[in-house]
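Remarks on the structure that follows.
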Amino acid sequence: MPQMVVDGRTLALSHLEKVYYPATGTLKGEVLRYYAAVHTVLLPHLRDRPVSFLRCPDGVDGEVFIAKNPPAGTPRWVRTVEVPSSSGELRQVVLDDGAALLWAANLGCLELHVPQWHAAAAALADRLVLDLDPGEGASVLTCRAVALLLRERLAADGLDCWVKTSGSKGLHLLVPLEPTPSARVSAYAKQLAASLETAHPDLVVHTMAKARRTGRVLVDWSQNNAKKTTAAPYTLRARARPTVSTPLSWAELERARSEEELVFTLAELPARLAEFGDLFAPLLAADRARPLPAAPAPPTTPAPPTSPTTAPGPAPTPSPTPTPAPAPAPASARTSSRSPLVLDPPVEVRCPAAVPAVPPPDGLGGSGVLYELKLDGFRCVAFARGEQPPYLQSRSGRDLTAEFPPVAAAVARLPAGLVLDAELVAWRGGRFAFEELLSTRQARAADDTALGLIAFDVLALPGRDVRRLPLADRRRLLLAALADVPPPVQPVMATTDRAEALAWMEQLADTGVEGLVCKAAGSSYRPRGAGRVWVKYRRSDTLDATVRAVVGTAARPRALVLELADGRVLLSTLQLTPVQSRQVAAGVRGRLGDPVRDPDHGTLSPLTAVLRAEVTVTGRPPTATFVRLRGD
């Protein structure tokens, strides 16, 4: 039986030659390769959300059924959580890593659906979703006209939205929110949809009755109900073709002249991601979340809607986004009048932007740069609250305290009123072990996993908010505050010497250090509107590999099957660019054998002579990106 090693776990794969999409001849093995190729962008949108599966174990033309409970034989290392249910206890799977994702895909779980809330805070939504579903006589282009109207209405309420194809017939709009009860989000979405129907009765409906939907678009607001789920970004759909729910840019949506331009399949997504990245990444940034208004803003005098059969004009200019009021702290986090805190949880965290190279010492505004090690863990703001229990806040604002008692106990011993911005990490076998953070408390204890809190900033001292101070000053205060504090709370390694930081990154690569976070030494702690003065660089490994086969034709190779020089793993590269394809075609000329059907990689042509390449390997499980052919 074929096997795959993912995140250090060996998965047994079955029936890779089974046809899952008869209309296109797409095999189960191709489905698994798709999910392996996109897992690094897919998993952040699934993280900590219970998943409902649409299972198609015999393909889309066979039996199709919804699965919520973990199937019999679910491995112990696949995380499950208990979720609220009117029918009694319900446990669901949470796909937090590549091994769990590929395990589910191997069971025939084609579609992945998630709620708008996290497992640790059921029914507390961190996003709003509007599902635009065209009725008979309407199309995805009709949905586009409605999406543009909704974007304008949401902007009037200070809310930004992002759009993706549903992978079926319509579009999905998603809005990042500060944590809000699902019932409130659902009520707002219903009012918004009803108001739009009033303004555009020939284009929009907000009720399910099919008789009223001919030629119109249903704005389905009901998926904000805590019990409902929505197709995740990048999930496959069980349609005749292997279509994918695909994030779009607004400009791309507006340019489309046909429905087919807004349909994407599993074969197209790897190259699309290589070109554009994750267009939904902003949804994951804490600084994008906004408070939900009590009710939608009243509509302005409606303009005629864009014709669904023609391209729309320029998008409406959003109204300026108002500065949101601070979100109320959850009941468990509110402090008494005796509290020493000057900052109450949750606080909005500052997130660095990704960059392809480590900036020079004068590269972030001229005030100097502080280079910190980038660690693989959970973002955590730690509040030491004196007589009250400590509070550990995630990046999105949820309470982590109960999940990590050893860290909470260490924070409780810190000076009352100290607030640290930090990374909560797990350590096992001489390496950072991110996957252990996803395990239960009991499993971590059984595995003898060490936990730590690596602080990289101080937001408050007892009785004093220090976020307006320059980073260089806050670093000195952080080191002073933790000077006599024993592990597991420690300051992060940091330096103003770029060469030293690069050396650290390489020397500590085997421990799981991911890269560097680089910050302007003069920057204050301002989550919004601060520009790119905090950036992160993620290291990657450029390795030698042997080309074992090409996928595609000899004249137009699409991808490579590679064996790394140390023999660790067999990889298939992401789809080659046109320039790379031409380079590879010239390099393999005269070296290819007859095409064969491979259970893991589909139709490919093996090489009959040695050919080596350089590849960049990143991610969990590892994904290879072609760099160049070697001349030797």
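Derivation of every value follows stated rules applied to the coordinates shown; laboratory data play no part. Worth saying up front: this structure is predicted, and the values here are computed from it rather than measured. Quick reminder, even Gly has a Cβ in these numbers, built from the backbone with ideal geometry, and neighbours come from all protein chains shown.
For Ala503 and Arg612, what is the calculated FRET efficiency with R₀ set at 30 Å and r taken between the beta-carbons, to the nearest 0.05?
Details: r = 28 Å, r/R0 = 0.94.
Efficiency, from the Cβ-Cβ distance: 0.60.
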With a 30 Å threshold on alpha-carbon distance, the violating pairs from Lys164/Lys190; Lys164/Lys227; Lys228/Lys536; Lys228/Lys519; Lys28/Lys68 are Lys228/Lys536; Lys228/Lys519
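So what is the 222 nm mean residue ellipticity for the chain from helices alone, if each DSSP H run of at least 4 adds -39500 (n - 2.57) and you divide by all residues, rounding to the nearest 500 deg cm²/dmol? Before the final figure, lay out the partial values.
Details: 12 runs with 127 residues, N = 632.
My calculation for the chain gives -6000 deg cm²/dmol from helical runs alone.
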In whole angstrom, the spacing between the Cα centers of the range 24-75 and the range 405-420 equals 40
Subtracting the Cα-Cα distance of Cys351 and Thr496 from 0.36 nm times their residue separation yields 50.2 nm
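What does the C-alpha gyration tensor say about the overall shape of the range 1-152? Classify as rounded when a/c is under 1.5, otherwise prolate if a/b is larger than b/c, or oblate. All intermediate terms of the calculation are to be shown ahead of the outcome.
On the way: a/c = 1.83, a/b = 1.22, b/c = 1.50.
It is oblate, given that a/c is not under 1.5 and a/b is not larger than b/c.
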The distance between the Cα centres of the range 183-230 and the range 480-551, in whole Å, is 45
In order over the range 223-239: 3J(HN,Hα) from phi, Karplus 6.51/-1.76/1.60, θ = phi - 60°, whole Hz, x for each Gly or Pro, gives 6, 7, 4, 4, 8, 9, 9, 9, 4, 6, x, 6, 6, 5, 10, 8, 9
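Checking the a/c ratio against 1.5 first, then a/b against b/c, what shape does the Cα gyration tensor give for the range 339-538? The partial results should precede the final answer.
Numbers: a/c = 1.83, a/b = 1.16, b/c = 1.57.
It is oblate, given that a/c is not under 1.5 and a/b is not larger than b/c.
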Counting Lys and Arg as +1 and Asp and Glu as -1 over every other residue whose Cβ sits under 15 Å from the Cβ of Leu262, the net charge comes to +2
So, with points 7 Å from each Cα along the Cβ direction, the Ala483-Arg582 label distance in nm works out to 6.3
Packing-ranked peptide list from 111-118, 34-41, highest mean Cβ count within 10 angstrom first, is 111-118, 34-41
Where a ≥ b ≥ c are root eigenvalues of the Cα gyration tensor, a/c under 1.5 meaning rounded, otherwise prolate if a/b exceeds b/c and oblate otherwise, the range 99-158 counts as oblate
Protection proxy (average C-beta count within 10 Å per residue), highest first, orders 214-220, 418-424, 257-263 as 418-424, 214-220, 257-263
